[in-house]
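Asks: Here it is, the structure in full.
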Amino acid sequence: MGRRESRAPGGPLEGAARAGVLTSRQTALLWLACAAQFMVVLDVSVVNVALPSIRTALGFDAAGLQWVVGSYALVFAGFLLLGGRLADVFGRRRVFLWGLVLFSAASLVGGLAVAPGLLIAMRAVQGLGAAVLAPATLTVLTTTFAEGARRTKALAIWTAVSSAGGAAGNLIGGVLTDTLSWRWILLINVPIGAAAVLAAVRLLPADTERNGSGRLDIPGAVLATLGVTALVYGVNQAGKHSWGDPTTLAGLGLGATALTAFVYAEARFAAAPLMPPRLVRLRPIWAGNVTMLLAGACFIPMWYFLSLYMQDVLGYGALATGVGFLPHTLVGITAARLAPVAMRRTGARALIVLSALLAAVGFLWQSRIGEHSGYWDGLLGPAIVMSAGMGLLITPITTTVTSGVEEQDAGAASGLMNTTRQLGGVVGLAALVTLATAHAGADLAYRSVFAASAAVCAAVALMACALPAAHAPESAPVGPSAAPDEPADEPAR
């Protein structure tokens, strides 16, 4: 009786839910998802500063060395849609464990590699594990936390950890390479992954028979993976060569053809679509994903160009460059943690508009960088403004995209959002590299890149106007798992 009374309207549990207070089990699941996401995001950038050491140790040539980074990014982006749907079909617990084991095993073999080909292959397998794991981390959160204050708080922490992983890659890579060996940028994932597997076995509820007996849309999976992979490859080639290069055109053409066939097949023939058309027709989904695509196009390339500026113009080493990113990291994490408070005051759509405009101001300020600018006068001020905008932006977009999605489609929605963000980053980087190489002189190149990024941020604010003004109130239950007398965090019986 006491348990039921505590759930009555106005009781302690409901008051805690309204305030966004997490239970101990919810907190453990949140940090499990965050630890897995941190590994995934970290490994996108952690190898950058170790590339010279890897080249010397394994005898890479210039063409092969780029694939230490490229193989991970290419497979990661290409398999995200499929990875997201796997959790819906085979179960969240099972797929989460698959992703962790695959990622950790590839990290172990890659860290012990003695030949260039083996390291590149293991980086590709890492990317596959990451593509399975990244959507699963978000699916765990959106199915553990009902829509409302608790989910918003959980997504804000997940966003902050994701931002920290991306920003900390250069710093952690520099420290491990300088103090231990380049191998430890991969081997460090093994104990973290093992601990996460043990925690997942203990915390995640067993998958239901409905999930385990689901069907996977194999033709759709092949077309989506081929389309996104070919598109990412073509855009990468454009950044290295030109938009008119034959390999660029071949990749873009194959990607566009496969994705067109994917959309047609999903709408006409698929019995169990990889990306259900009903999902994409929802305004929060399509408008939110376009907004995320644009956000990725300016925020992800920012790390690349600022890293180049600090090393090529300011003359920083790998470790100093990583330390130089600390203000971006700390401000971004702080802003992400404040996003739920801001959302309660402004609403998700208004916060997206305001934070995108704030980031645009930071990019405009950064575009004033000059030949004689130093760190304190040329980077620190813009870093605070840009990172505040970025930290505030991602949580309301993620909340909007995942709101109102049925539990059986949570993985598909997560996979789509992760795909659009990564695709935006790839396209944005290639476009900005092309823009930079079109200008003579480093000053003009960097100025044009950051000015263009400011324009894309303004486009994010404009696109946000297509989002719904508001969704269900923070305390409103959505779906059976959110019913007041059956909390979303209750373990499966």
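The values are calculated or read from the model by the stated rules, or taken from the named source; none is laboratory data. Source: prediction; values computed, not measured. Note: ideal-geometry Cβ built from the backbone for every residue, glycine included; neighbour counts use all protein chains shown. Only protein heavy atoms, including side chains, enter the accessible area calculation; ligands, DNA and RNA are left aside. Shrake-Rupley method; radii C 1.70, N 1.55, O 1.52, S 1.80 Å.
Asks: Has segment 176-185 got at least one residue that is among the acidic types (Asp, Glu), open to solvent by 40 Å² or more (accessible area, probe 1.4 Å) and farther than 14 Å from residue 42 by Cβ? Show your work before the answer.
Replies: Taking segment 176-185 first, the residues among the acidic types (Asp, Glu) are 178.
Pick out the ones that are also open to solvent by 40 Å² or more (accessible area, probe 1.4 Å) and you get 178.
From what is left, the residues that are farther than 14 Å from residue 42 by Cβ are 178.
Yes.
Asks: Can you spot a residue in segment 300-314 that is surrounded by fewer than 20 Cβ atoms within 10 Å (Cβ to Cβ), touching a Gly at 6+ places or on another chain (Cβ under 7 Å) and farther than 22 Å from residue 172 by Cβ?
Replies: So far as segment 300-314 goes, no, none of its residues is surrounded by fewer than 20 Cβ atoms within 10 Å (Cβ to Cβ), touching a Gly at 6+ places or on another chain (Cβ under 7 Å) and farther than 22 Å from residue 172 by Cβ.
Asks: Same structure again: Mind listing whichever residues of segment 214-258 are touching a residue at least 12 places away in the same chain (Cβ under 8 Å) and β-branched (Val, Ile, Thr)?
Replies: Listed by number, the residues that qualify are 225, 228, 229, 232, 235, 247, 248, 257.
Asks: Take the residues of segment 103-128 that are open to solvent by 10 Å² or more (accessible area, probe 1.4 Å) and in a loop (DSSP other than H, G, I, E, B): which is modelled with the highest pLDDT?
Replies: Top of the filtered list is 112.
Asks: Okay, next question. Among residues belonging to segment 327-358 that are of a type in the set (A, V, I, L, M) and open to solvent by 70 Å² or more (accessible area, probe 1.4 Å), point out the one that is farthest from residue 446 (Cα to Cα). Step through it out loud before you land on a result.
Replies: Step one: list which residues in segment 327-358 are of a type in the set (A, V, I, L, M), which gives 330-331, 333, 335-336, 338-339, 341-343, 348, 350-354, 356-358.
Subsequent filtering for residues that are open to solvent by 70 Å² or more (accessible area, probe 1.4 Å) retains 330, 338, 354, 357.
Details: 330: 24, 338: 31, 354: 25, 357: 20 Å.
Selected residue: 338.
Asks: Looking only at segment 415-435, count how many residues are open to solvent by 20 Å² or more (accessible area, probe 1.4 Å), hydrophobic (A, V, I, L, M, F, W, C) and farther than 15 Å from residue 397 by Cα.
Replies: 7
Asks: Within the set of pairs 6+ apart or on separate chains, which have a first residue in segment 358-376 that is closer than 10 Å to residue 386 by Cβ, a second that is among the aromatic types (Phe, Trp, Tyr), and C-beta atoms under 7 Å apart?
Replies: Cβ pairs passing all conditions: 363/450; 366/450.
Asks: Going residue by residue through segment 395-406, is there one that turns out to be farther than 20 Å from residue 297 by Cα and assigned to a helix (DSSP H, G or I)? Talk me through it step by step, then tell me what you get.
Replies: Going residue by residue through segment 395-406, those that are farther than 20 Å from residue 297 by Cα are 402-406.
Next cut, assigned to a helix (DSSP H, G or I) only: 402.
The answer is yes, given that some residue of segment 395-406 is farther than 20 Å from residue 297 by Cα and assigned to a helix (DSSP H, G or I).
Asks: Further, regarding this structure: Among (1) crowded, with 20+ Cβ neighbours inside 10 Å; (2) of a type outside the set (D, E, K, R); (3) at pLDDT 80 or above, where does residue 172 come up short?
Replies: (1)
Asks: Do we have residue 146 as in contact (Cβ under 8 Å) with a residue 60 or more places away in the chain and in a helix (DSSP H, G or I) here?
Replies: Values: in contact (Cβ under 8 Å) with a residue 60 or more places away in the chain: yes; in a helix (DSSP H, G or I): no.
No: the conditions fail for residue 146.
Asks: Out of curiosity, is residue 448 over 27 Å from residue 80 (Cβ atoms), open to solvent by less than 40 Å² (accessible area, probe 1.4 Å) and either in contact with a strand residue (DSSP E or B) (Cβ under 6 Å, 6 or more places away or on another chain) or not aromatic (Phe, Trp, Tyr) (or both)? Don't jump to the end; show me each part of the working.
Replies: Numbers: over 27 Å from residue 80 (Cβ atoms): yes; open to solvent by less than 40 Å² (accessible area, probe 1.4 Å): yes; either in contact with a strand residue (DSSP E or B) (Cβ under 6 Å, 6 or more places away or on another chain) or not aromatic (Phe, Trp, Tyr) (or both): yes.
Spelling it out, residue 448 is indeed over 27 Å from residue 80 (Cβ atoms), open to solvent by less than 40 Å² (accessible area, probe 1.4 Å) and either in contact with a strand residue (DSSP E or B) (Cβ under 6 Å, 6 or more places away or on another chain) or not aromatic (Phe, Trp, Tyr) (or both).
Asks: Sticking with this structure for a sec: Among the numbered criteria (1) at pLDDT 75 or above; (2) surrounded by fewer than 18 Cβ atoms within 10 Å (Cβ to Cβ), which single criterion is violated by residue 240?
Replies: With respect to (1) at pLDDT 75 or above; (2) surrounded by fewer than 18 Cβ atoms within 10 Å (Cβ to Cβ), residue 240 is out only on (1).
Asks: Sticking with this structure for a sec: Of the residues in segment 339-353, how many are in contact (Cβ under 8 Å) with a residue 60 or more places away in the chain and under 22 Å from the mean Cα position of the chain (by Cα)? Walk me through it before giving the result.
Replies: Kept after step one, since they are in contact (Cβ under 8 Å) with a residue 60 or more places away in the chain, are these residues of segment 339-353: 339-340, 343-344, 347-349, 352-353.
Right, trim to under 22 Å from the mean Cα position of the chain (by Cα) and you get 339-340, 343, 348-349, 352-353.
Counting residues in segment 339-353 that are in contact (Cβ under 8 Å) with a residue 60 or more places away in the chain and under 22 Å from the mean Cα position of the chain (by Cα) gives 7.
Asks: Give all pairs with beta carbons closer than 9 Å in which a residue from segment 172-192 that is of a type in the set (Lys, Arg) meets a residue that is outside any helix (DSSP H, G or I) and open to solvent by 30 Å² or more (accessible area, probe 1.4 Å); count only pairs at least 6 apart in sequence or on separate chains.
Replies: 183/112
Asks: Continuing with the same structure: Consider segment 145-184. How many of its residues are hydroxyl-bearing (Ser, Thr, Tyr) and farther than 30 Å from residue 112 by Cα? Working first, answer last.
Replies: Keep residues of segment 145-184 that are hydroxyl-bearing (Ser, Thr, Tyr), which gives 152, 159, 162-163, 177, 179, 181.
From the residues that got through so far, the ones that are farther than 30 Å from residue 112 by Cα too are 152, 159.
Adding up the residues that qualify gives 2.
Asks: Related question: Which condition number in (1) open to solvent by 20 Å² or more (accessible area, probe 1.4 Å); (2) assigned to a helix (DSSP H, G or I); (3) β-branched (Val, Ile, Thr); (4) more than 19 Å from residue 336 (Cα to Cα) is the one that residue 140 fails?
Replies: Of everything listed in (1) open to solvent by 20 Å² or more (accessible area, probe 1.4 Å); (2) assigned to a helix (DSSP H, G or I); (3) β-branched (Val, Ile, Thr); (4) more than 19 Å from residue 336 (Cα to Cα), residue 140 misses just condition (1).
Asks: Pull out all pairs, ordered by first then second residue, where Cβ-Cβ is under 6 Å, the residues are six or more apart or on different chains, the first lies in segment 311-336 and is without any contact (Cβ under 8 Å) to a residue 24 or more places away in the chain, and the second is surrounded by 16 or more Cβ atoms within 10 Å (Cβ to Cβ).
Replies: That search, which allows pairs on different chains as well, returns 311/321; 316/310.
Asks: In addition: How many residues does segment 359-377 hold that are surrounded by fewer than 21 Cβ atoms within 10 Å (Cβ to Cβ) and either at pLDDT 85 or above or assigned to a helix (DSSP H, G or I) (or both)?
Replies: The total comes to 8.
Asks: Of all residues being open to solvent by 20 Å² or more (accessible area, probe 1.4 Å) and in contact with a helix residue (DSSP H, G or I) (Cβ under 9 Å, 6 or more places away or on another chain) in segment 218-235, which is nearest to residue 271 (Cα to Cα)? Just the residue, please. Explain how you work it out, then say what you get.
Replies: Let us first name the residues in segment 218-235 that are open to solvent by 20 Å² or more (accessible area, probe 1.4 Å), namely 218-219, 222-223, 226, 229, 231, 233.
Keeping just the survivors that are in contact with a helix residue (DSSP H, G or I) (Cβ under 9 Å, 6 or more places away or on another chain) gives 219, 222-223, 226, 229, 231, 233.
Values: 219: 11, 222: 15, 223: 15, 226: 20, 229: 24, 231: 26, 233: 30 Å.
The qualifying residue nearest to residue 271 (Cα to Cα) is 219.
Asks: Still on this model: Kindly indicate whether any position in segment 263-278 is modelled with pLDDT of 80 or more, open to solvent by less than 70 Å² (accessible area, probe 1.4 Å) and either out of contact with any Phe, Trp or Tyr (no Cβ under 8 Å at 6 or more places or on another chain) or assigned to a helix (DSSP H, G or I) (or both).
Replies: Yes, because at least one residue in segment 263-278 is modelled with pLDDT of 80 or more, open to solvent by less than 70 Å² (accessible area, probe 1.4 Å) and either out of contact with any Phe, Trp or Tyr (no Cβ under 8 Å at 6 or more places or on another chain) or assigned to a helix (DSSP H, G or I) (or both).
Asks: For residue 322, indicate whether it is assigned to a helix (DSSP H, G or I) and open to solvent by less than 10 Å² (accessible area, probe 1.4 Å).
Replies: Details: assigned to a helix (DSSP H, G or I): yes; open to solvent by less than 10 Å² (accessible area, probe 1.4 Å): yes.
Considered against the rule, which asks whether it is assigned to a helix (DSSP H, G or I) and open to solvent by less than 10 Å² (accessible area, probe 1.4 Å), residue 322 comes out as yes.
Asks: Any residue in segment 440-447 that is modelled with pLDDT under 90 and in a loop (DSSP other than H, G, I, E, B)? Step through it out loud before you land on a result.
Replies: Narrowing segment 440-447 to residues modelled with pLDDT under 90: 440-447.
Next, from what is left, pick out any that are in a loop (DSSP other than H, G, I, E, B): 440-441.
Yes, segment 440-447 contains a residue that is modelled with pLDDT under 90 and in a loop (DSSP other than H, G, I, E, B).
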